[in-house]
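Participant: Pasting in a structure now, in structure tokens, and then I'll have a few things to ask.
The values are calculated or read from the model by the stated rules, or taken from the named source; none is laboratory data. Quick caveat: nothing in here was measured; it's all calculated off a predicted structure. Using ideal geometry, Cβ is built from the backbone for each residue, glycine included, and neighbour counts are taken over all protein chains shown.
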Amino acid sequence: MKKLLPIGVFAFVALTLSSCTDDCETTRTYRTTVPVTISVEQIRSGISAKTPQDLVNPGKIYAKDNYLFINEVKKGIHIIDNSNPQQPKNIAFLQIPGVIDMAVKENTLYADNYIDLVTFDISNPLAIKETGRVKEVFQNGLVDGISWYYNPQNQTITDYEVKIITEKIKTNCGIENTTINPIYYLQDGFKSSAPSASSGGGTTTTGTGGSMARFTLYDNYLYTVSQSDLLVFDVKTSNKPTQQSKINLGWGIETIFPYKDKLFIGSNTGMYIFDNKNPEKPERLSIFQHARACDPVIVHNDIAYVTLRTGWCGTSPNQLDVVNVANLTSPTLIKSYQMQHPAGLGIDFPNLFVCESQYGLKSFDASSATNITLQQHIEKIDAYDVIPLEGKHLLMVGKDGLYQYDTSNPKNLKQLSVIPVKREN
């Protein structure tokens, strides 16, 4: 015998179906990009030394002697006195429109000012001075999947700002699924995957960058990678760099990592290996191809470590590829390890440190390339890139700020300090 539903239930269902024919209103929050036009004159005149500023949107990091340089994406560079890693001091801010990358040789800082390569005298970090400029060497740039472009005819740069928009939308109660920019759509509990050296005593000639770097120094040469090219600059005279060569690499170039007399370049589709015995003219030896993905790379001895992650640059599985580069003309995959959303990484052999974006920081024992094992997972932080220093010290930068760790026990990293970001309202 079939059971009959109470009359009240039928009434409720009828009312619900009827209401779905009426217009409803919902609030949606999403990210969008807004074009901004900047004149070349504005970007060149916009450089200035300022008092310390809060970290708001930190990007790449660079270490040189007792100082750290933290990129405030497209805004400038924070100068940190790190003589005592337990109490780092934010001492100055160098405003540079469009800056993403940097490198330091002796007392000269090299940085990008949108289309230009600019040099600075940093012998006194509290009174930094611009000393040189190579004009119009960078024609475009890329940050988290958002490009800027240079128009030489009218001497302007078109960049894009990411803005969060909250608005009310008319809907048909869910019958018609209205979608707004789904890549950047935000909901509670959902995170968008879209745009969003030595610190001890003594003095070194050049500093140390992270695995996400697009600038690196070797001998008397500065190497930079754009989305498509490898540029070589002679920096024998530090404040007067001259461009030596330009090597086209195709599209999707992301990072550059120097190791001995070789250059390892990460791209969306693979890892390029260059012989750098003749620093003026690096020679391509091979490419290790992989599925389309974001791809920083580091190297130790005959092993390269490559992280692949999904996002604006590809849909490859999130993983760590361990590659045999003993034969530089024919690199081969040793093993792939599943990751959550890996970004930058650093090696202080046998310890390997991997940033897992919103999933935190991981420490691995990489003694065996075929059996890399997890030692520690620090969660509830956002990790973007790392620089291991001195065998017992680690720098890590992410959306939450700059963290420093004691790595003397890689199974139990101890936080030394943090410079947090200032959250925008």
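Participant: Residues in region 119-137 that are in a strand (DSSP E or B) and in contact with a helix residue (DSSP H, G or I) (Cβ under 9 Å, 6 or more places away or on another chain): how many?
Facilitator: Quick first cut of region 119-137, residues in a strand (DSSP E or B) only: 119-121, 129-134.
Now drop any that are not in contact with a helix residue (DSSP H, G or I) (Cβ under 9 Å, 6 or more places away or on another chain), which leaves 133.
Summing the residues that are in a strand (DSSP E or B) and in contact with a helix residue (DSSP H, G or I) (Cβ under 9 Å, 6 or more places away or on another chain) in region 119-137 gives 1.
Participant: Among the residues of region 79-101, are any surrounded by fewer than 19 Cβ atoms within 10 Å (Cβ to Cβ) and on the phi > 0 side of the Ramachandran plot?
Facilitator: Scanning region 79-101 turns up no residue that is surrounded by fewer than 19 Cβ atoms within 10 Å (Cβ to Cβ) and on the phi > 0 side of the Ramachandran plot.
Participant: How many residues are over 21 Å from the mean Cα position of the chain (by Cα) and more than 21 Å from Met271 (Cβ to Cβ) if we restrict to region 347-367?
Facilitator: 4
Participant: Still on this structure: Out of the strands (runs of 3 or more DSSP E) lying entirely within region 353-425, which hold 1 or more residues that are closer than 16 Å to Met212 by Cα?
Facilitator: Details: elements: 361-365, 373-378, 385-389, 393-398, 401-406, 414-420.
In region 353-425, the matching strands (runs of 3 or more DSSP E) lie at 361-365, 385-389, 393-398, 401-406.
So that you can scan it fast, the table gives a plain yes or no per residue for (1) closer than 24 Å to Gln244 by Cα; (2) of a type in the set (A, V, I, L, M):
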position	(1), (2)
Thr51	no, no
Glu72	no, no
Ala92	no, yes
Met102	yes, yes
Lys105	yes, no
Ile128	no, yes
Gly132	yes, no
Lys135	yes, no
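Participant: Okay, next question. Looking at Ser199, is it over 30 Å from Phe353 (Cα atoms), crowded, with 18+ Cβ neighbours inside 10 Å and modelled with pLDDT under 90?
Facilitator: Values: over 30 Å from Phe353 (Cα atoms): no; crowded, with 18+ Cβ neighbours inside 10 Å: yes; modelled with pLDDT under 90: yes.
In short, no.
Participant: Now a separate question. Kindly indicate which of Gly344, Gly401 is within 16 Å of Met271 (Cβ to Cβ) and touching a Pro at 6+ places or on another chain (Cβ under 7 Å). Step through it out loud before you land on a result.
Facilitator: Values: Gly401 fails: within 16 Å of Met271 (Cβ to Cβ).
When all the criteria are applied, what remains is Gly344.
Participant: A further question follows. Inside region 130-154, can you point out the residues that are loosely packed, with under 15 Cβ neighbours inside 10 Å and charged (D, E, K, R)?
Facilitator: Lys135, Glu136
The rows are residues; the columns are (1) out of contact with any strand residue (DSSP E or B) (no Cβ under 8 Å at 6 or more places or on another chain); (2) closer than 28 Å to Asp121 by Cβ; (3) of a type outside the set (A, V, I, L, M).
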| site | (1), (2), (3) |
| --- | --- |
| Asn248 | no, no, yes |
| Glu254 | no, no, yes |
| Pro258 | no, yes, yes |
| Asp261 | no, no, yes |
| His290 | no, no, yes |
| Val306 | no, no, no |
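Participant: Report whether or not Lys277 is in a loop (DSSP other than H, G, I, E, B), over 21 Å from Asn327 (Cβ atoms) and of a type in the set (Lys, Arg).
Facilitator: Details: in a loop (DSSP other than H, G, I, E, B): yes; over 21 Å from Asn327 (Cβ atoms): no; of a type in the set (Lys, Arg): yes.
In short, no.
Participant: How many residues does region 103-112 contain that are among the charged types (D, E, K, R) and either in a strand (DSSP E or B) or surrounded by 23 or more Cβ atoms within 10 Å (Cβ to Cβ) (or both)? Please lay out each step first, then the result.
Facilitator: First, the residues of region 103-112 that are among the charged types (D, E, K, R): 105-106, 112.
Checking the rest, the ones that are also either in a strand (DSSP E or B) or surrounded by 23 or more Cβ atoms within 10 Å (Cβ to Cβ) (or both) come to 105, 112.
So the count comes out to 2.
Participant: Out of the residues in region 113-126 that are over 21 Å from Thr242 (Cα atoms) and not hydroxyl-bearing (Ser, Thr, Tyr), state the one that is surrounded by the most Cβ atoms within 10 Å (Cβ to Cβ). Walk me through how you get there before you give the answer.
Facilitator: Filtering region 113-126 down to residues over 21 Å from Thr242 (Cα atoms) leaves 123-126.
Cutting the leftovers down to not hydroxyl-bearing (Ser, Thr, Tyr) gives us 124-126.
Details: Asn124: 10, Pro125: 18, Leu126: 11.
Only one residue tops the list, namely Pro125.
Participant: Restricting attention to region 292-310, and to residues there that are closer than 20 Å to Gly250 by Cα and crowded, with 19+ Cβ neighbours inside 10 Å, which single residue is modelled with the lowest pLDDT?
Facilitator: Taking region 292-310 and keeping what is closer than 20 Å to Gly250 by Cα, we get 292-297, 306, 308.
From what's left, crowded, with 19+ Cβ neighbours inside 10 Å: 293-297, 306, 308.
On the way: Ala293: 59, Cys294: 66, Asp295: 75, Pro296: 90, Val297: 94, Val306: 94, Leu308: 90.
Among them, the one singled out is Ala293.
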